[in-house]
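Here's the structure we're looking at; comments come further down.
We did not get these values from a lab; they are worked out from the coordinates using the rules stated. None of the values given here were measured: they were computed from a predicted structure. As a convention, Cβ positions derive from the backbone with ideal geometry for all residues, glycine included, and neighbour counts pool all protein chains shown.
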Amino acid sequence: MFSFRIPIKDWISAAVDYLVQELAAVFDGFSAFVFFLVNNLKDGMLFLHPLILIAIIVFLTWKMTSWQVSLFALIGLLITENIGLWEPFVETLALVLTAEILVMVVGLPLGIFAANSERFNTIIRPVLDFMQTMPAFVYLIPAVMFFGLGLVPGVVATFVFALPPLIRLTNLGIRQVPKELIEAADAFGATPMQKLFKVQIPVAKPTIMAGVNQSIMLGLSMVVIAAMIGAGGLGTNVLRGIQRLQVGEGFEAGLVVVILAIILDRITAGFGQRKKAHQT
């Protein structure tokens, strides 16, 4: 139809090559930091006896939700240990938690800034739309280009994929704080930081926790895909089951992913609901 072709792929390749060459030290430093974080988190959890870690998770589930959910967590985690998937389970949990730490460190400030700046909100909204409509597999390409294969690119891809919901809901939560509370804080002479940490964030916590919940769920879905680039964890078992047509192995790993997803979903949702109940 057209006699010319827009060289988008050439532009992207040139940009990636430039960044890899010019910012190699930055990428290496960030890679070392992420590896240190996720590896120590994984080793710390594996250092504990499985029953001790199970007890901790079950207790946290009981405190944040109900005894029924904590009973499900207990049964699910005991099944996980029984079928020999405890170590992949811990690796996946460490990867998701590391990615979520990065999501919160980046997403919360960006969401707060977007809530207080219409110009920045106008700029970041289409960026978030683009990120959320991009197929998950596409995130693996730049992760591999910048960080190679292994655990770190899996964390980075998971982090980028899970980032938009927290930014959006933090932005929404801050904007939904009643104007009367803001006016009262201004009347009492609160500084912008006092107003943020003592009024806006506490009131917006349920909405922010909903963003944390959604980002964790997206992170879990990405963890399985990231096994394709050597991220490890339960995704490796799922991928191996697909490649070797071992339905049983793939189903077991998928079942453990579901168990982990339900536990994390109920804990984060329960935390948000408790905060909302305290406010009412």
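Only one of Pro165, Pro126, Pro153 is in a helix (DSSP H, G or I) and free of Cβ contacts under 8 Å to residues at least 40 places away in the same chain; which?
Going through Pro165, Pro126, Pro153 in turn, the sole match is Pro126.
For the stretch 61-84, how many residues are touching a helix residue (DSSP H, G or I) at 6+ places or on another chain (Cβ under 6 Å), in a helix (DSSP H, G or I) and more than 15 Å from Ala94 (Cβ to Cβ)?
Total meeting the criteria: 10.
Can you name the number of the only condition in (1) in a loop (DSSP other than H, G, I, E, B); (2) within 21 Å of the chain's Cα centre (by Cα) that Thr158 fails?
(1)
Is it the case that the stretch 184-193 has a residue that's in contact (Cβ under 8 Å) with a residue 24 or more places away in the chain, surrounded by 14 or more Cβ atoms within 10 Å (Cβ to Cβ) and part of a helix (DSSP H, G or I)?
No: zero hits.
Among (1) touching a residue at least 60 places away in the same chain (Cβ under 8 Å); (2) part of a helix (DSSP H, G or I), which single condition is Ala231 missing?
(2)
Show the residue pairs meeting these rules: Cβ distance below 7 Å; 6+ apart or different chains; first residue within the stretch 50-76 and surrounded by 12 or more Cβ atoms within 10 Å (Cβ to Cβ); second residue part of a helix (DSSP H, G or I) and among the small types (Gly, Ala, Ser).
Correct list of pairs: Ile57/Ala73; Val58/Ser70; Val58/Ala73; Thr61/Ser70; Thr61/Ala73; Trp62/Ser70; Met64/Gly270; Thr65/Gly270.
For the stretch 112-153, enumerate the residues that are closer than 23 Å to Ile208 by Cβ and small (Gly, Ala, Ser).
Ala114, Ala115, Ser117
Checking the conditions here, which among Glu81, Glu91, Glu100, Glu87 is charged (D, E, K, R), closer than 20 Å to Ala269 by Cβ and surrounded by 14 or more Cβ atoms within 10 Å (Cβ to Cβ)?
Sole residue among the options that is charged (D, E, K, R), closer than 20 Å to Ala269 by Cβ and surrounded by 14 or more Cβ atoms within 10 Å (Cβ to Cβ): Glu100.
Report whether or not Thr170 is of a type in the set (S, T, N, Q) and either in contact (Cβ under 8 Å) with a residue 12 or more places away in the chain or not in a helix (DSSP H, G or I) (or both).
yes
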